[in-house]
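Enquirer: One structure is given below, represented as structure tokens, and several questions about it will come after.
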Amino acid sequence: DGAAMGSATAKDGWSSRAGFILAAIGAAVGLGNIWRFPTLAGESGGGAFVLVYIGFVILLGLPLVLSEISIGRIGQTDALGSFERVAEKSGASRSWRGIGALGGIAAFLILSFYSVVAGWVLYYAGVMAGELGSAIASGNPLGGAFAGESVDDIQVRLGDMLGNPTLLLVMHALFMAVTWFVVSRGVHSGIETAAKYLMPAFFVLLIGITIYGAFEGNFGEAIAFLFTPDFSKLTPPVINAALGQALFSLSLGVAGLITYGSYLSGKDGLGGTSATIALADTGVALIAGLMIFPIVFAAGLDPAGGPTLVFQSLPVAFQSMPGGALVGFLFFVLIGVAALTSSVSLLEVPTALGIGEKKWTRGKSATVMALGAFLIGILALLGYNVLSDVRPLAFWSIFENADILDSIDGFTGKVMLPLGALLTSVFVGWIADRKLMATETGLSAGALALWRFLVAWLCPIAVAIVLVTGLFPAIL
Ligand code: PHE
């Protein structure tokens, strides 16, 4: 196929369509699938949330994935430049490039706290490695973790970790450094190569732990929980959360897929590629649910445990389950791998902006952006200890109780991401030249009509509703 080889210049890019798909799946699959999705599904009562989420992925997510990749491939440059080029070719104002700038800022801000949370994952992988070591030393490599500890002993680790700024800083620095290393090596040698090795490893671990859960956990209860919809649970906030999750999980609204799409060349259709990415991301979220909830139910834990589900509840389960130390270690390695291929995409968006707009070298741009996000991340992690009284968005009622990390997370997730997705759908549905976009997608007539309808009507309206009700929940 002519994915990248069609280009006459020796521009850095994907070596094949498969390389692009793997990297894009790597970007989409992350903490959002393995930590955020089970948390939300658990808190929102399971099946009904899952069904609505899947509906949004198909009706909104997929058309936007196709839109972003198409803009990128037409533009052949960073997000800002890509919007500008499509606008120019469509006879529209150049100011539409602002969407690209917005995406770059959003990706930069998300990276700052994403790396902090990934740092927690690294720490827990380290803790579990220690537990595995003890199990092996005691002659029982398939033993549980945390031998002889009480539930409190196990769970207090999270609070202790969050109260230790030095520890958080070291882990955050470590994770950001690895992200920076991959991105500075470039699209082909860095990002694609990392995805090529990490994604297969990820899938092996994911399937392996899920099979383990099916045998050792309560698989039946997990299936019932995730797939039996109780429609009385479908409140407006739950529907809202499902759409927000669909956008976040598919990495939409931050120009990530525009940036990755710009490293594609050739003319092949993009419909199948987009469907593959959306399907893989959603499949991983569902499998992650089937990996986590059997363990949760078997240990008698609360599925609505919230954000601490992964860091406090599961470790308790890893104590009692056979092979718990080993599986617990592999579990946190799995999350770390998923987080890395996503953080790489988050750093690539602003890095590409620096290269394309400021004419910086890749090395300089990646360094400046990673360093900047690292510094903001320090504020986020200090918010758990030294700066724990700080509420940066206290003036805004929906964020008034949010600490620093939650404020950045909330502002990007509730404001910037839906805004980016909204503007992108308006741009593609109403501003960009129809023929230009249609040709780029390579869709057949029927699919094209459906895609146009979804992008021009359903996406803007649905995302606008989420944006407004997310900002003014009193409406609901
Ligand atoms: N989709 C990623 C995840 O699920 C998060 C992400 C959002 C990555 C936006 C890039 C851009 O973890």
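Enquirer: Using the Karplus curve 6.51 cos²θ - 1.76 cosθ + 1.60 with θ = phi - 60°, work out ³J(HN,Hα) for each residue of the range 123-129 in order, rounded to whole Hz, and write x for Gly and Pro.
Expert: Calculated HN-Hα couplings, in order: 4, 5, 4, x, 4, 5, 4 Hz.
Enquirer: Between beta-carbons, use under 14 Å as the cut-off and find the net charge around Pro294, counting Lys and Arg +1, Asp and Glu -1.
Expert: In short, -2.
Enquirer: I need the peptides 244-251, 44-51 ranked by packing, meaning the mean over residues of other C-beta atoms within 10 angstrom, with the highest value on top.
Expert: Peptide ranking by packing, descending: 244-251, 44-51.
Enquirer: Rounding to the nearest 10 and keeping the result within 0 to 90°, find how far the Cα-based axis of helix 165-184 lies from the longest principal axis of the chain.
Expert: Helix 165-184 sits at roughly 40 degrees to that axis.
Enquirer: Write out the trypsin sites (Lys or Arg not before Pro) in the range 380-449 meeting two conditions: DSSP loop, and at most 12 other Cβ atoms within 10 Å of their Cβ.
Expert: Passing both the DSSP loop test and the Cβ count: no residue.
Enquirer: On a C-alpha basis, how far is the centre of the range 35-75 from the centre of the range 121-192 in Å? Whole number, if you could?
Expert: If you average the Cα positions of each part, the centres end up 29 Å apart.
Enquirer: How many lysine pairs in the chain, separated by 8 or more positions in sequence or lying on different chains, have Cα atoms less than 21 Å apart?
Expert: Eligible lysine pairs with Cα atoms under 21 Å apart amount to 8.
Enquirer: How about the range 387-476: which chymotrypsin sites (Phe, Trp or Tyr not before Pro) there lie in a loop by DSSP and see at most 10 other Cβ atoms within 10 Å?
Expert: Sparse-neighbourhood loop chymotrypsin sites (Phe, Trp or Tyr not before Pro): Phe395.
Enquirer: Related question: Note the full-extension length gain between Leu142 and Lys364 as 0.36 nm times their separation in residues minus their Cα-Cα distance, in nm to one decimal.
Expert: Length difference between fully extended and current span is 75.3 nm.
Enquirer: Once the piece of chain linking Ser189 and Thr439 is laid out straight, how much longer is it, given 0.36 nm per residue of separation minus the C-alpha distance between them?
Expert: This chain segment gains 87.0 nm when fully extended.
Enquirer: Hey, another quick one. Based on the Cα coordinates of the range 18-121, what is the per residue volume of their convex hull in Å³?
Expert: 136 Å³
Enquirer: To the nearest 10 degrees, how steeply does helix 362-382 sit against the main Cα axis of the chain, on a 0 to 90 scale?
Expert: Value to nearest ten degrees: 40.
Enquirer: How far is it, in nm, from the label point at Ile54 to the one at Leu458 when both lie 7 Å from their Cα along the line to the Cβ?
Expert: 1.5 nm
Enquirer: May I pose another question? Helix 193-216: angle to the longest alpha-carbon principal axis of the chain, degrees 0 to 90, nearest 10?
Expert: So the inclination is approximately 40 degrees.
Enquirer: Between Leu450 and Asn164, what is the spin-label point distance in nm, taking each point 7 Å from the Cα along the Cα→C-beta axis?
Expert: For Leu450 paired with Asn164, the spin-label model returns 5.3 nm.
Enquirer: Wrap a convex hull around the Cα atoms of the chain, take a quarter of its surface area, and give that in square nanometres.
Expert: In nm², the orientation-averaged hull projection of the chain is 21.9.
Enquirer: Are there trypsin sites (Lys or Arg not before Pro) in the range 359-398 that DSSP puts in a loop and that have at most 12 other Cβ atoms within 10 Å, and which ones?
Expert: Here the trypsin sites (Lys or Arg not before Pro) that fit, given the DSSP loop and packing criteria, are Lys359.
Enquirer: For the range 233-340, state the semi-axes of the equivalent ellipsoid (square roots of 5 times the eigenvalues of the alpha-carbon gyration tensor), sorted largest first and rounded to whole angstrom.
Expert: Those come to 33, 19, 12 Å.
Rule-based calculations on the coordinates, nothing more; no lab input. Computed from a predicted structure; not experimentally measured. Every residue, glycine among them, receives a Cβ derived from its backbone with ideal geometry; neighbour counts consider all protein chains shown.
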